[in-house]
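Everything on this sheet refers to the single structure shown next.
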Amino acid sequence: MSEFAEFAGKIGRTREESTPWWPERKTARKGAPNIVIVFMDDMGWSDPGCYGSEIDTPNIDALAARGVRLTHYTTHAICSPARAALLTGCNAHGVGTGWLANNHPGYPGYSGELPMDAATLPETLRAAGYETIMVGKWHNTPAADNVPGGSKHNWPSQRGFDTFYGFMDGETNHFFPARLMLGNQVLPVDEYPRDYYTGDDWMNQAIRFVKELRESSPEKPFFLYVANNAMHAPLQAKPSDMAKYKGRYDAGWTAAREARHRRQIEMGLIPPGTKLPASDPRAPRWDDTAPENRPLYARHMEAFAGMLDNADQNIGKLVRYLESIGELDNTIILFSSDNGGTDAGGEHGMVLNNRRYSGLPNHPLEHERGMLSRLGGPQSISLYPTAWGEVSNTPFPSFKTYTGGGGRRVSFIASWPARIKDTGAIRRQFMHVTDVMPTLLDMAGVPRLETSHGKPARALDGVSCARLFLENAPSPRSEQYYECWSNRAYYRSGWLARSLQIRDTPVDMDNWTLHNLDEDFSESTDLAAQHPQKLKELVDAFDAAAWKHFVYPLDNRGRPGKFSDVPAWMRERSNHPRRFVPGPQTAARTDVMPMIANRAFRIRVRFTQRAGDAGILWSLGDTIGGMVMYLESDRVNFHYNGFGVPVNFPPVNLAPGAHEAVIEYEALGNRRGRGRLLIDGGEASAWTELSPTLMNGPFEGLDVGLDRRAPVFWELFERHGSYRYTGSIDEVWIEPGARAAAQEK
C-alpha cells in the first residue's frame, strides 16, 4: 500500500464507510504566457532583413517591430552545443556537449549526453503545468542511441517534450527527411508527396498540435520549440521560393556583403565607424572569379535565400494563427540561430556537399556547372561557397565552428506584445545562449526544478535577462568562455580574446588576438601588442573556465578522425553479420553504414520470383550515395551510386523460382573498390570497379523490398517511386569483411 501513502481520504469496508479524495492537479498559474522559440540552423547574424539582408523576411521583421533586437547575443559555434545550452541553461561542455552529439571520444565534456541532473527547459515548464511541443531537429542524443535498440533516456520525449515530431540527427534531406519521428517511433513513410518540404511540415504540425491542445484545454499555456533545419545544408528550396531570387545575386558576394554592411549602419544596428574585416582567403573578390562559374555561385545563394524566405512564410503562418485565437499578445516569441554561417562549402561550394563527409573531394568545376539546373532541388545536396557564408556573417569575421564573431554572434529577436512596450528597439547589452532558459522561466514566473530525475538539479550557468527586454536594464552578464573544435575565446566587459586554429594541425596555444568590442564592433583590429596584460588576463580566465567546465582536452583533428570517435563496443558491433527482413522501417544508417564503410562486404538476399514479379529487393543509402538491387522485366539489376558516380551492372535474366543473389565487394584501398554479382552461387556479373567506396554521408540506411523516401537511383524512382517488390523476400544479410588498409591507420 506504500504507493497510496499520500491518500488523504478514508477507506472503509463499504462505500458508505469511506471518504473519497483526489490529489490536487498541477496547473500553470492563471495568465501564464505561451512560449515559442523559433531556432534557425546555420543562419548568420545578417541574414534576416531586419539585420541588413536583402532576403525578404517580412514576418521576422514584424517580430522585431513588435519586440526588440539584440546586437550582442552570442552562442556556442556549432549546433549540438548551442541546443544543449539553450535547453539546459548550462554551458555546453558542462552538460557533455562540447561537440556534436554524433561523436563520443571518451571525455566527459564531449559525450553527447545531456546529464540527467541537468533539468531541461521543457521538463521545467511541464512541471509548472505547461504543454510542451517540439518540431524539427533534435541533435542532442549520441548517434549510437538514435536507433530502435539504443537507450532512449535522452530522447526528446524523455527530456520533457509531451509531443515530438521531427528527426534526431544533425541534418537531413529537406524533401525526403530520413527517419521522421513521432514521439519514440519512426513514422511509416514509404513516399512523401512530391511537394513535401520539411519547413512547411514542421510548422503545419506545430499548429495542428496547438489546435488539438486548444480543443482539449482552452487555458493551458504551451511551450513550442520550432527547431528548424533551415539554413543547414543541404541547401534545398521549393522551386517557387527559389525562383523568387533568380538574378538577385548576379552582382556577387562582394557587393552583397558591402550592401549589408551599409544597411546595418543606416539601420543603427552597428556603429557608424564599423569596419568590414578583410575577407577570408577562400572568399575572393567577385570580380576576380571566373565568369563561367558565377551562375553556379549565384544559384547557391538563390537556394539559401529561398530557404529563409520559406522559414519566414511559416513564421507568418504561426503568428497569424496565434492572432486568430487571440493569444499573440500573451505569447513570448524568441527567434534566433544556433550558430553563424558556415565556411564548409569551400571556395566554389558543392552541389553534392556530403561527399566531404566521406573524405572525398568536390567534383571538378566543369562537372559542377553541368549540375546547375539541379542545384537547390531534391537531386542536389548542396552547400554554398565560403564567400556567401561570409556575407551571412556580415560584419563579423570567421564562421560556424570558429570563435570569431561570425561563429558565435547571431541575430536574436524577442517579442511579447503584452509586456515589451519599447517595440522596435535595439538592445546592445550582452547576452549568451545559456541565459535563454533562466530568462524565460523568469518571464513566465516558473521556478527552476530542485531535483531532476531523482537527483539534485545542477545549478544554471545562465542568468535571467528579463529586465534587459522589459526595462532596457543593464545586462547581468559580463563574461563568457567559448570553445569549438579547439578554437577558443573569452569575453569580459567589452574585451575579447580569441584563438582561431588551422584544422588538422597541432593546437597553437599561444596565437591569441585581442579586441576591444566597445570600440571595434566587428573585431577587425588586433590590440594584443598594445595590451599584453589585458590579453593575459583573458587567456588565464579562459583556462580557468576550461578546467571548470570540462573543455579540455582540445581536439583539432579534421575529417574523418574527429568525426569517427565512437565507443569500442560500437566499432566491434559493426564487425558481425546481421539479418534483415521485410516489414520493419528503414534500418538506421548508424546500424548499417559501419558494416560496409570502406571495407569488404557481402550483401545477400534470398527471394522467390514469379514470372512478371518486379520491384526492389533491397536498397542501401539514398540520393547522396548507396546501392540498390531490383527486378524489372524479369531481370536482376544492380545500381551503384558512388556519391554521384553511377555504375549499372548489365541486367541478368532470371527464371521463376527461389533464388539467392549476392553482391560481393572488395575494398582495394585509397577509396577504390570493385564488386560482382553472384546468383545461386554462380558469377552473373564479372568484377567491376565500384569506386569510391561508401562511407559516411547518406542519411538513410537499409530498406528490404523497396526504396523508401530519398531514392538511391533517381531514374528508377521517376519510373516507379518506392517500387515495392511484388514477389516474396525471405531475408537479407550484410556480412562485413576486412577494412581497407587506409582505414586502419
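Quick notes on this one:
- A search for C-beta distances below 8 Å between a residue of the stretch 199-220 that is within 13 Å of THR132 (Cα to Cα) and any residue that is of a type in the set (S, T, N, Q), counting only pairs 6+ apart in sequence or on different chains, returns PHE209/THR163; LYS220/THR27.
- When residues of the stretch 189-214 are limited to those that are assigned to a helix (DSSP H, G or I) and among the acidic types (Asp, Glu), the one surrounded by the most Cβ atoms within 10 Å (Cβ to Cβ): ASP201
- Looking only at the stretch 478-498, and only at residues there that are free of Cβ contacts under 8 Å to residues at least 60 places away in the same chain and surrounded by 19 or more Cβ atoms within 10 Å (Cβ to Cβ), the one that is nearest to ALA92 (Cα to Cα): TYR490
- Within the stretch 262-297, the set of residues being buried (at least 20 other Cβ atoms within 10 Å of the Cβ) and closer than 23 Å to THR525 by Cβ comprises GLN264, LEU269, ILE270, PRO277, ALA283.
- The residues of the stretch 19-50 that are polar (S, T, N, Q) and more than 30 Å from PRO234 (Cα to Cα), listed by number, are THR19, THR27, ASN34.
- Taking every residue in the stretch 362-377 that is closer than 13 Å to ALA298 by Cβ and pairing it with any residue that is of a type in the set (Ser, Thr, Tyr) and not in a helix (DSSP H, G or I), at least 6 positions away or on another chain, the pairs with Cβ-Cβ distances below 8 Å are LEU375/SER382; GLY376/SER382.
- Filter result for GLU519 (crowded, with 16+ Cβ neighbours inside 10 Å and acidic (Asp, Glu)): no
- Only listed residue being surrounded by fewer than 21 Cβ atoms within 10 Å (Cβ to Cβ) and in contact with a Gly (Cβ under 9 Å, 6 or more places away or on another chain), chosen from HIS300, HIS367: HIS367
- Restricting the stretch 639-660 to residues that are small (Gly, Ala, Ser) and over 18 Å from MET595 (Cβ atoms) leaves a set whose member that is most open to solvent (accessible area, probe 1.4 Å) is ALA658.
- Residue count for the stretch 105-153, restricted to those that are open to solvent by less than 20 Å² (accessible area, probe 1.4 Å), among the aliphatic types (A, V, I, L, M), outside any loop (DSSP other than H, G, I, E, B) and at pLDDT 95 or above: 5.
- Remark: SER564 matches the filter, which requires a residue to be hydroxyl-bearing (Ser, Thr, Tyr) and over 17 Å from ILE734 (Cα atoms).
- Any pair with Cβ under 6 angstrom, 6 or more apart, that starts in the stretch 347-359 at a residue that is in a helix (DSSP H, G or I) and ends at one that is modelled with pLDDT of 95 or more and hydroxyl-bearing (Ser, Thr, Tyr): ASN353/SER382
- Taken together, the criteria exclude ASN173 from residues that are open to solvent by less than 20 Å² (accessible area, probe 1.4 Å), modelled with pLDDT under 95 and among the polar types (S, T, N, Q).
- Qualifying position, being farther than 29 Å from ALA597 by Cα, open to solvent by less than 10 Å² (accessible area, probe 1.4 Å) and in a loop (DSSP other than H, G, I, E, B), among ILE420, ILE413: ILE420
- Candidates ARG674, ARG708: the one that is modelled with pLDDT of 95 or more and over 30 Å from VAL189 (Cβ atoms) is ARG674.
Here's the yes/no breakdown for (1) open to solvent by 50 Å² or more (accessible area, probe 1.4 Å); (2) in contact with a Leu (Cβ under 8 Å, 6 or more places away or on another chain); (3) part of a strand (DSSP E or B):
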{"position": "ARG557", "(1), (2), (3)": "yes, no, no"}
{"position": "PRO560", "(1), (2), (3)": "yes, no, no"}
{"position": "VAL566", "(1), (2), (3)": "yes, no, no"}
{"position": "ASN575", "(1), (2), (3)": "yes, no, no"}
{"position": "ARG579", "(1), (2), (3)": "yes, no, yes"}
{"position": "MET593", "(1), (2), (3)": "no, yes, no"}
{"position": "PHE607", "(1), (2), (3)": "no, yes, yes"}
{"position": "LEU617", "(1), (2), (3)": "no, yes, yes"}
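- Residue within the stretch 236-252 that is in contact (Cβ under 8 Å) with a residue 12 or more places away in the chain, part of a helix (DSSP H, G or I) and buried (at least 21 other Cβ atoms within 10 Å of the Cβ) present: yes
- Residue ranges of strands (runs of 3 or more DSSP E) in the stretch 664-714 with at least 1 members under 29 Å from the mean Cα position of the chain (by Cα): 702-704
- Every pair of residues 6+ apart whose Cβ atoms lie under 6 Å, when the first sits in the stretch 264-288 and is assigned to a loop (DSSP other than H, G, I, E, B) while the second is open to solvent by 70 Å² or more (accessible area, probe 1.4 Å): ARG282/GLU347
- Inside the stretch 156-170, residues that are part of a loop (DSSP other than H, G, I, E, B), closer than 15 Å to ILE133 by Cβ, open to solvent by less than 20 Å² (accessible area, probe 1.4 Å) and out of contact with any Lys or Arg (no Cβ under 6 Å at 6 or more places or on another chain) make up a count of 2.
- Residues in the stretch 656-684 that are touching a residue at least 12 places away in the same chain (Cβ under 8 Å), among the small types (Gly, Ala, Ser) and over 30 Å from GLU368 (Cα atoms): 5 in all.
- Failed item, numbered, when GLY737 is tested on (1) under 12 Å from GLY615 (Cα atoms); (2) assigned to a strand (DSSP E or B); (3) not hydrophobic (A, V, I, L, M, F, W, C): (1)
- When the criteria are applied in full, ARG503 fails the requirement of being more than 28 Å from the chain's Cα centre (by Cα), on the phi < 0 side of the Ramachandran plot and either open to solvent by 10 Å² or more (accessible area, probe 1.4 Å) or aromatic (Phe, Trp, Tyr) (or both).
- Where HIS300 falls short, out of the listed (1) over 28 Å from GLY345 (Cα atoms); (2) under 26 Å from the mean Cα position of the chain (by Cα): (1)
- Meets criteria (open to solvent by 10 Å² or more (accessible area, probe 1.4 Å) and either within 21 Å of TYR357 (Cβ to Cβ) or touching a His at 6+ places or on another chain (Cβ under 6 Å) (or both)) for ARG676: no
- In the stretch 442-472, the residues that are in a loop (DSSP other than H, G, I, E, B), open to solvent by less than 90 Å² (accessible area, probe 1.4 Å) and more than 20 Å from ARG66 (Cβ to Cβ): GLY445, VAL446, LEU449, GLY454, ALA457, ARG458, ALA459, LEU460, ASP461, GLY462, VAL463, SER464
- Checked against (1) in a strand (DSSP E or B); (2) touching a residue at least 40 places away in the same chain (Cβ under 8 Å), ASN637 passes all but a single condition, namely (2).
- Checking LEU328 against (1) within 22 Å of the chain's Cα centre (by Cα); (2) at pLDDT 95 or above, the condition it does not meet: (1)
- Scanning the stretch 308-346 for residues that are at positive phi and without any contact (Cβ under 8 Å) to a residue 60 or more places away in the chain gives a single hit, GLY326.
The values are calculated or read from the model by the stated rules, or taken from the named source; none is laboratory data. Bear in mind that the values here come from a model prediction, so they are computed numbers and not experimental data. Positions of Cβ are generated from backbone atoms using ideal geometry, with glycine treated the same way; all protein chains shown enter the neighbour counts. The protein model used for the area step is the full one, side chains on, heavy atoms only, and it has no ligands, DNA or RNA in it. Shrake-Rupley method; radii C 1.70, N 1.55, O 1.52, S 1.80 Å.
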